[in-house]
Each structure stands twice: as structure tokens, then as C-alpha cells.
Amino acid sequence: MRRLAALVLAAAALSGCGLRPLYAGGESGQVAQVIRSVAVQPIAGQTGWLVRTALVDRLGEPQGATRYRLEVELDDDIEGYGIRGDAAVTRERRTLRARYRLVDLTSGAVVLDATAGSDAGIDVVSSEYATVAAEQTAAERLSQIVADQIVARLGLFASRTGAPR
């Protein structure tokens, strides 16, 4: 009986906390409507192509009228930091940072200006091919992470601003 009372009390407390699903309403929800109206601009470089592809995979191509333009600038850096006694690098860190802006096409105003980023460690081995492959794999993984961060922030923006007019 006490467990049932505790469960009912917990359910009542959670219902009043104000939490609601970000993607409530599915395809017809306000977040989905805003997300579908975003056009992702081309991003320079190979890593830019990876990030743009990941963004388009997550956001989809704009459905109907495009209301927003997403502009992304990347800073992709590889830095050696594990140094052996013979001055050879044994470890690298690949850092991918994105500054992105969401521009409202009706007014030309920047409605969201933010950054996203992540980094990955890479072992430098005696095979140059293996090291280059590891650097490429890190770029692919970081592109996915950065795209996820951008889409999450766009979803939050959409939930606060409402559906396009």
C-alpha cells in the first residue's frame, strides 16, 4: 500500500514539473515544422562536406517554403601532443569546432548564433596509412557529434519560438 501511495505521489509530482517532449506532435509538431524549413548552406572542405551531409541527414531537405538558412563555419585542427624522447609524436588530438548561424530569410536577421564542437584522440603508429585512416575516422565521428549538437540546439530554438508563420 505504501509503494502504491509513493508511486501516485511521484507521478503527481512529475506531472507538474513542466517537462514536455521536444518532438511532441511528431511530423506535425512545431519543432518538426521549423526543422523542415531549414536549408543547410554548403560548408567548405572535406570535413565541411561531412558535417553538411550529417546535418541534411538529420534535418532533411526543406519541405515547402524555406524559412531559415543555416550557415556553418568550421575550425578543424590536428595537434600532436604525445612526444617520445626522440621527438616523435605518439598521440594527436583532432578538434572540430563549428560556429553556426540560423538566419531568418523573411527579415534577414540572425536568430541563432552559437558554437558546437568536440575532439578525439588519435594514436600515431609506425604505419602512416593507419595514422591517416585514424585521422579520417576521427573526422567522420566528430562530424556526426557536431551535427548532433547543432540539431539539438535547433530543436531547442524551434521549441521556444514556435512553428513558422
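Throughout, read-outs are computed from the coordinates displayed, never taken from laboratory work. Just so we're clear, the structure is a prediction, and the values are computed from it rather than from any experiment. Neighbour counts run over all protein chains shown; Cβ positions are idealised from the backbone, glycine included.
Some points to look at:
- Per-peptide packing, taken as the mean over residues of other Cβ atoms within 10 Å, places 71-77, 81-87, 120-126 in the sequence 71-77, 120-126, 81-87 from highest down.
- Taking other C-beta atoms within 10 Å as the exposure proxy, L4, L70 rank L4, L70 from fewest upward.
- Q41/A88 FRET efficiency (R0 30 Å; Cβ-Cβ; nearest 0.05): 0.15
- The distance between label points at A6 and D148 comes to 3.4 nm (points 7 Å beyond Cα on the Cα→Cβ vector).
- When the convex hull of its Cα atoms is projected in every direction, mean area for the range 24-161 (nm²): 9.3
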